[in-house]
Structure formats: C-alpha cells, structure tokens
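The values are calculated or read from the model by the stated rules, or taken from the named source; none is laboratory data. Not measured: the values here are computed from a predicted model. Cβ coordinates were reconstructed from backbone atoms using ideal geometry, including for glycine residues, and neighbour counts include every protein chain displayed. Only protein heavy atoms, including side chains, enter the accessible area calculation; ligands, DNA and RNA are left aside. Shrake-Rupley method; radii C 1.70, N 1.55, O 1.52, S 1.80 Å.
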Amino acid sequence: MNFHVLTLFPEMIIQGLNTSIMGRSLEMGTITLNAVNIRDYTANKHKKVDDYPYGGGAGMLMQAQPVYDAYLAVKDSIGEKPVRVIYLTPQGKTFCQDMAKELAKEEDLVFLCGHYEGIDERVLEEIVTDYVSIGDYVLTGGELPAMVMMDAVARMVPGVLGNQDSGENESFSNYLLEYPQYSRPEVWNGKKVPEILLSGNHAKVEEWRLEKSLEKTKAVRPELYEKWAEENSEYFVKKAKREERQRKKLLKEKLLR
Ligand code: 6GU
C-alpha cells in the first residue's frame, strides 16, 4: 500500500505515522508514505498558496494551481492506472470500517488535506474521487483525518498486523465493542481478575467474553447491538437452549436431594 498525502504540513504527517505498528510497517516496506508539500508546487514567486474567496466571507481558500500541480506530480510517479483521490472534509461521507477494508484493496491512495476555509471547488471537481469526513465535529485541517484513515486502512493491509491479530478476520465480532481484558497481577488495588479467565476453560472464556461484548455494546451502542443481533439470531436460540438445559439440570439435582 502506497499512501500519498498532499498537504501544507508534510512533517506533521511523517511525524504522526513513524511510531509503533505504522512505523514498523513503513520500515518493512509493507506500506510506503509519500508526503508532498503543496507549497513546493506554487507558481507564485512569494510561495503563496491561498487567496480570498470570491463573493467574500471569512478566511482564505487554497488556490487550485498548486493543489493541481502537486497532484500531477504524484500522478506521474504512479503511472497510467487510475487512482482514488480522497479529500478530507466535514462535508464528506462518514468514514467507517467497511470503507477502510475497501480502500485497503487499492495499490495507491492519494489524500488531499485542506487547510484554511477549504480549497477552490474547481480543482476538487477535477481530481477528487471520494469526499470523506471522520465524524460530526470540525477540525482545523485534513491532516489528522488523513492520519486516522491511513492508520485504519493500513491495519487492513495483509502483513501490517501480526498473524495472531489479523484485521481481516474481524468480521464476526465486527459490530461489537470489545470485552474487558486483564493482565498480571491477579489482584490489583483490591480488584480481582474475573474467576472464569483463570479457569483454563477456553469455551467458557469465549462465552464470557461474548456476553461482556454484548452487554457493553447494548448499553453504549444500541444501534450496533441491533445490527449484530439481526445477523446472529442463531446465537440467541443456542443461548436459550443452553439455559434451558441448565435449568433442567438444576431442577433434577433439587429433586434428587
Ligand atoms: Cl475530514 N476535516 C476537517 N477539517 N474536519 C473534520 C473532518 C475532516 N472530519 C471531521 N471533522
């Protein structure tokens, strides 16, 4: 996966992605990062890249020329094949896991980061294929959203995560929030690790984790819970049967006593 970022702040992008899993993937070459400074492509002798909006209004706009020429330079480096150009904007479609999975199939991705009040509409019409937002709040520029997207996309690229934690196998628990996890020591601050996790009974542990995931999702993200419940109706049938067996077993034991 080759990420290309058109930005006025390339050092922010490079600094932001050179740590941890992303840093290691860049080192290994599983992903590459080409942060292009739009200012390097301005035809203006004072290196200016912005101007006032026609019709008036607050702030400045990034001009079409430097953005387009920076894009052409990236396009040249990629070759003939078409490439998706993602413009980060609160006016875009909201980013989600399905989008990350889809984008991870591409060989190259270009991210266009706006600053100031935005970018001249004409160059957007000319080069942008996807308008994407990362949520309903306003940020000062597209750099953080681009980094968020690259992180989410990269972890869906084969070889970025270790095998044991493969992002591609997240389908089943996809709609659920994660269960709580515990590490050593067994007692911390007077709080004990849930007994079941020490039992060594793998099936019981998995059952408990799923229960916790469902509890949490139902409480915090009811719409995600409903989506999961719709697609996993057999789970509730199995659970009801399991509880029925348990009830009968207890009843039998009571009668025998
Ligand atoms: Cl993509 N850009 C900006 N400036 N603000 C945002 C955003 C993007 N997504 C949410 N807020």
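Annotations
- If you take all other residues with their beta carbon under 14 Å from the beta carbon of Thr32, and give Lys and Arg +1 and Asp and Glu -1, the sum is -3.
- Loop-located GluC sites (Glu not before Pro) across segment 74-111 with a Cβ neighbour count of 13 or fewer within 10 Å are Glu80, Glu107, with loop assigned by DSSP.
- Take every Cα pair under 8 Å whose residues are at least 6 apart in sequence, average their separation, divide by the length of the chain, and the relative contact order is 18 percent.
- All lysines inside 28 Å of Lys191 as judged from Cα atoms, apart from same-chain residues fewer than 8 positions distant: Lys204, Lys212, Lys216, Lys218
- Of the residues Trp188, Trp208, the one with the largest accessible area comes first in the ranking Trp188, Trp208, computed with a 1.4 Å probe on protein heavy atoms.
- In Å, descending, principal axis extents of the Cα set of segment 57-154: 40, 33, 18
- Geometric extent, Cα atoms of the chain - Rg, Dmax (angstrom): 25.0, 95
- Solvent-accessible surface (1.4 Å probe) assigned to Lys254 amounts to roughly 140 Å².
- Listed residues Val83, Val153 arranged by accessible area, highest first, probe 1.4 Å: Val83, Val153
- The chymotrypsin sites (Phe, Trp or Tyr not before Pro) of segment 87-141 that DSSP puts in a loop, and whose beta carbon has at most 14 other beta carbons within 10 Å, are Tyr137.
- Secondary-structure-derived ellipticity at 222 nm for the chain, considering helices only, amounts to -13500 deg cm²/dmol, per-run term -39500 (n - 2.57) for DSSP H runs with n ≥ 4.
- For segment 1-90, the Kirkwood estimate of the hydrodynamic radius, built from every pair of different alpha carbons, is 14.9 Å.
- For segment 187-256, the C-alpha radius of gyration sits at 1.43 times the compact-globule guess of 2.2 N^0.38 Å, with N the residue count.
- Two tests apply to each whole DSSP H helix in the chain, Cα reach of 18 Å or more along its axis and mean Kyte-Doolittle hydropathy of at least -0.5, and the ones passing both are 64-78.
- Amide H to amide H distances under 5 Å link Phe111 with His4, Val5, Leu6, Ile86, where only residues 5 or more positions off or on other chains count and H is placed in the peptide plane.
- Largest accessible area first, the listed residues Glu125, Glu186 line up as Glu125, Glu186 when surface is computed with a 1.4 Å probe on the assembled protein chains.
- The H on the amide N of Ile119, modeled in the peptide plane, is under 5 Å from the matching H of Met62, each at least 5 residues off or on a different chain.
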